[in-house]
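Chemist: Questions regarding the structure given below will be posed in turn.
The values are calculated or read from the model by the stated rules, or taken from the named source; none is laboratory data. Because the structure is predicted, anything quoted here is derived from the model rather than measured. Ideal geometry is used to build each Cβ from the backbone, glycine not excepted, and the neighbour counts take in all protein chains shown. Ligands, DNA and RNA are stripped out before the accessible areas are found, and what is left, the full protein with its side chains, is counted by its heavy atoms. Shrake-Rupley method; radii C 1.70, N 1.55, O 1.52, S 1.80 Å.
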Amino acid sequence: MRPAPWSERIPEIARTLGLPTAGTPALDEPTNVWLRGLLNRHEAVAGTVHVVRDNLLHIAAAHNIPPKVQQITARIPVGKGMAGLAWQQDRPIQTCNLKDDDSGAVKPGAKAVDGKAAVALPVRGANGTVRAVVGLAWLDERELTGSELAKLGADAAELPGTYGSLPRPRRSHD
C-alpha cells in the first residue's frame, strides 16, 4: 500500500482513450461539441477555437488536430500564424493549401494538420473586439469567396460563452 511510480504505459493508455496527457492542453467539452457542429455544417475536417485571455489566444477546443499541434498552439501571441494574424488584423486569414503555403502565415505546426484549405476567423464580442478565433480546415484546396467567408463568419459568431473583458491587440502601425 505504498505509492509506486506510474507505469510508462499510462500516457499511451490515456492517449488511446482520448484523455489529456502531460503537456496537452485541457479543452472545453461544450466548446468542442459546438466546434464539431460548425465543422459538420461547413464540411470541414479539422478545426480549433482559441479564446483571447491575458493578451494571448488560448486553445479552448480542437477537432482532428494532432496532440503535438495542440501543444504548440496552446497559447498564440498576436500576429503569429493564421490565428494570431486574424486576431491582429481583425479579418479572416485563409490559405488554399496548408502544406504548400509559403506566405509566412502558416507555421510548421499547422502544416501537420491533415487538410489543405484553411481559414482563421475572428469572432467579436458585444463590445466589438475580437474575443476568439475559430479555425477550419478542409481536405481539398479551395479559396473561399467573400460570401462564403461572410457565411462562415456569421456561423462562427454564434460561438457560445463569454470570456471576460478582451483587450484589442495593438497593431504594428499603432
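Chemist: Quick one: ranking His50, His42 by accessible area, 1.4 Å probe, largest first, what do you get? Walk me through the numbers before you get to the answer.
Modeler: Working: His50 5, His42 30 Å².
Largest accessible area first, the list is His42, His50.
Chemist: If each of Ala154 and Thr129 carries a label point 7 Å out from its Cα toward its Cβ, how far apart are those two points in nm?
Modeler: Rounded to a tenth, the inter-label distance reads 2.8 nm.
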